[in-house]
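The values are calculated or read from the model by the stated rules, or taken from the named source; none is laboratory data. Everything numeric here is computed off the predicted structure, so don't read it as measured data. Because the Cβ atoms are built from the backbone with ideal geometry, glycine has one as well, and the counts that use them run over all protein chains shown.
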Amino acid sequence: MKKQRNIPKLRFPEFKGEWKKRKLGELSIINPTTGKLPEKFIYIDLESVINGDLTKEVLIDKNAAPSRAQRVLEKDDILFQMVRPYQKNNLYFDKSGDYVASTGYAQIKTKQNSRFIYQYLHLQKFVDEVIERCTGTSYPAINSKDLAKISIRYPSLPEQKKIASFFTAIDQKISQLKSKKTLLEQYKKGVMQKIFSQEIRFKDDNGQEFPKWEKMTGDALFKTVSNKNHNSDLPILAITQEHGAVPRDMIDYYITVSEQSIEGYKVVEKGDFIISLRSFQGGIEYSEYKGICSPAYIILRATQKIDHRYFKYYFKTEDYITNLNRKLEGIRDGKMISFKYFSEIKINVPSLPEQAKIANFLSAIDVKINHTQKQIEKAEVWKKGLMQQMFV
């Protein structure tokens, strides 16, 4: 049987020869002995890092620090998430100042190129080996001794540096796209607040002001429908805060449902709104698809001509969600908001042309957000493919 050579499929042309293979613990010091905690420091817990980004920095006093605050960090350290490592929420630490990490991370000081090792720790084959050594089900975790036993394949330091620089540049591009998306989302949130509070008003195509907004109750605009007349041949819709009402197979959301149960499902038409069990948290959902949903949901259908897109945004505003919560006083978490409660809430209703203006404006922002998200996904897929070919 021919021995497999430790050579990557894709390589910078100036480098030749096989890569070496050694255990991570032979190439690195894992959880080194560190000095005393600083009097004040930024504490990095397991919720602080998402996809390689340090998303929150909270300064705490040593005397108020949790017992898990033990990893005193230095520049070029690597933090590897030991609890639920499949999330890949690891961190390359390149900051100055006093930072201390939770013992939920392995602190890695490597003798090799730190950025190369950091990228290697994200290879799916490495993560798979970590998971094989994990214990626990709900919160699988690996200990530092087992982590140290996992093998790493690595080239010369000059090649490590070139590979690391290449993938760091890709990471920076992805990070820029994520920042762009975040800024667009923040802008959308801010402008929605101003639009729906009428701090900003649109004008018609002739530059004239639109009529004053009306205040109407929910039942003056919508009725509740419960049509169960279907042959179970329509797609089952998942009612989500992030995507609205969408076919389950679009978001890999699978729950086994018996044919007998489906017979009792309600028909949702395109343009319907849906009150879910979590509407008091995320507002009322909108469906751009015809399908069926659980009878536990309340389906709303407009009784007069409206721009559905306007209400799609309106029902997601903080003010409206706050009003929903006021109607929930004394009602236990998880109980459905009734049509009666929905009907009692006053809704700000502009003229139909202004509804369209508002909807067009916000939809244009959504197009930019979605386009940026697709760019992020494309870049991440490209990076993943390159990593599979450029590492051994």
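Some points to look at:
- In segment 349-360, the residues that are surrounded by fewer than 17 Cβ atoms within 10 Å (Cβ to Cβ) and touching a residue at least 60 places away in the same chain (Cβ under 8 Å): Ser351, Pro353
- For the condition outside the structural domain of Asp77 (by TED's automatic domain parsing), of a type in the set (Lys, Arg) and at pLDDT 95 or above, Lys162 qualifies.
- Among (1) assigned by TED's automatic domain parsing to the domain that holds Arg301; (2) under 26 Å from Lys305 (Cβ atoms); (3) touching a residue at least 40 places away in the same chain (Cβ under 8 Å) - the single one Val191 does not satisfy: (1)
- Candidates are the residues of segment 205-239 that are assigned to a loop (DSSP other than H, G, I, E, B) and touching a Lys or Arg at 6+ places or on another chain (Cβ under 8 Å); the one that is nearest to Ile275 (Cα to Cα) is Ser226.
- Flag for Val49 being β-branched (Val, Ile, Thr), touching a residue at least 12 places away in the same chain (Cβ under 8 Å) and crowded, with 19+ Cβ neighbours inside 10 Å: yes
Residues are listed down the side, and each one gets a yes or a no for (1) in contact with a helix residue (DSSP H, G or I) (Cβ under 7 Å, 6 or more places away or on another chain); (2) in contact (Cβ under 8 Å) with a residue 60 or more places away in the chain; (3) charged (D, E, K, R):
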| position | (1), (2), (3) |
| --- | --- |
| Arg133 | yes, no, yes |
| Thr137 | no, no, no |
| Ile150 | yes, yes, no |
| Arg153 | no, yes, yes |
| Ser175 | no, yes, no |
| Gln186 | no, no, no |
| Lys223 | no, yes, yes |
| Glu242 | no, no, yes |
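- Counted residues, segment 104-142 - those being part of a loop (DSSP other than H, G, I, E, B), surrounded by fewer than 16 Cβ atoms within 10 Å (Cβ to Cβ) and either modelled with pLDDT of 95 or more or of a type outside the set (Phe, Trp, Tyr) (or both): 4
- Single residue of segment 203-217 satisfying the filter (modelled with pLDDT of 95 or more and surrounded by 12 or more Cβ atoms within 10 Å (Cβ to Cβ)) that is farthest from Phe342 (Cα to Cα): Phe210
- Test: residue in segment 182-194 that is modelled with pLDDT under 95, surrounded by 14 or more Cβ atoms within 10 Å (Cβ to Cβ) and within 26 Å of His371 (Cβ to Cβ): no
- Taken over segment 1-21, the residue count meeting the criterion of being basic (Lys, Arg) and surrounded by 13 or more Cβ atoms within 10 Å (Cβ to Cβ) is 2.
- When residues of segment 52-74 are limited to those that are in a loop (DSSP other than H, G, I, E, B) and free of Cβ contacts under 8 Å to residues at least 12 places away in the same chain, the one surrounded by the fewest Cβ atoms within 10 Å (Cβ to Cβ): Ser67
- Candidates Leu59, Leu24 - the one that is modelled with pLDDT of 95 or more, out of contact with any His (no Cβ under 8 Å at 6 or more places or on another chain) and closer than 22 Å to Thr168 by Cα: Leu24
- Residue match in segment 22-30 (condition: basic (Lys, Arg), under 30 Å from Arg5 (Cα atoms), out of contact with any Pro (no Cβ under 8 Å at 6 or more places or on another chain) and touching a residue at least 40 places away in the same chain (Cβ under 8 Å)): yes
- Segment 22-45: number of residues that are outside any strand (DSSP E or B) and in contact with a helix residue (DSSP H, G or I) (Cβ under 9 Å, 6 or more places away or on another chain): 9
- Test result for Phe166, under 30 Å from Leu27 (Cα atoms) and surrounded by 13 or more Cβ atoms within 10 Å (Cβ to Cβ): yes
- Looking across Ser226, Ser261, Ser287, Ser232, one residue alone is of a type in the set (Ser, Thr, Tyr), surrounded by 12 or more Cβ atoms within 10 Å (Cβ to Cβ) and within 21 Å of Ile337 (Cβ to Cβ). It is Ser287.
- Residue within segment 115-127 that is among the polar types (S, T, N, Q) and closer than 30 Å to Pro8 by Cβ present: yes
To keep it simple, each residue is scored yes or no on (1) under 30 Å from Leu177 (Cβ atoms); (2) in contact with a strand residue (DSSP E or B) (Cβ under 7 Å, 6 or more places away or on another chain); (3) not assigned by TED's automatic domain parsing to the domain that holds Glu380.
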position	(1), (2), (3)
Pro13	yes, no, yes
Gly35	no, yes, yes
Val58	yes, yes, yes
Val72	no, yes, yes
